[in-house]
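The values are calculated or read from the model by the stated rules, or taken from the named source; none is laboratory data. Keep in mind that what you see is a predicted model, and the values were worked out from it rather than measured. Every residue, glycine as well, gets a Cβ built from its backbone with ideal geometry; the counts of neighbours run over all protein chains shown.
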Amino acid sequence: MLAKAKLVEVRWTGDPPQSEVVPGGKEVPVQFNPESLKLNFANEDNSRGQSSPGQTTGSGTSKLAVELVFDTTTTGTDVRRNTEDIAYFIKASPDSNDRPVQPGMGFEWGSFIFRGVVKSMDETLEYFSEEGVPLRANISLSVAQPNIEFIPARAGGAGGAPGTGQGTGATTPLSAAGANDNIQKLAARNGKSSDWKAIASANKIDDPLRLRAGALINVTAKADIKIGR
């Protein structure tokens, strides 16, 4: 089964602050999974005057760059009706003290979770109907947070993380399929050449010879039934 990425509203609570999904908050499923994700982790050096470069101290930052595609050519409706939901994460609204506050955003895709604040959103309209209605949009998001944080998903559900109360069990390792990949190739790369039929069955894959690029596969999954060779 192909895991689908989604954008969810998050917030930070506690001291030190911990991220969590907002109950009943905004959630936007993507139409097509992205082809790639670009991550950047950096340390901001605050160690002025230190003689050794190995003695730097400072705060870390994490950044995510992702491109999402939305297409309404089959329905003919304005694609911006889909993408306006994403713009929610870059708009600031007044809080109880009438201060502008921007909602946090979590990008969740299988075992990958990144939480931060949208710094920029670029929307490129690429295809129009004869009536001038935009039917295809490419959204470029830049998301950042002032920490270096790795959030493991929990087996049995996307979006689970320590402290959120979502998901149970251990982290599920997932492998992304590349272009022209199939289950046999994916299993071989993970040292499980003889288990490819069981992996295909456990992941409910009807055609193990063809995988969509970017599909996330649990290569450690075990089938419930014994499959003959």
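Worth a mention:
- All positions within the range 111-152 that are of a type in the set (Phe, Trp, Tyr) and under 13 Å from the mean Cα position of the chain (by Cα): PHE112, PHE114, PHE150
- Of the numbered criteria (1) farther than 28 Å from VAL66 by Cα; (2) out of contact with any helix residue (DSSP H, G or I) (no Cβ under 8 Å at 6 or more places or on another chain), the one THR220 fails is (1).
- Any hit, the range 27-37, residues being modelled with pLDDT under 90 and over 25 Å from the mean Cα position of the chain (by Cα): no
- Residue ID - farthest from PHE107 (Cα to Cα), chosen from residues in the range 65-87 that are without any contact (Cβ under 8 Å) to a residue 24 or more places away in the chain and part of a helix (DSSP H, G or I): ARG81
- LEU2 meets all of the listed conditions (1) among the hydrophobic types (A, V, I, L, M, F, W, C); (2) closer than 23 Å to LEU216 by Cβ; (3) at pLDDT 90 or above but one, namely (3).
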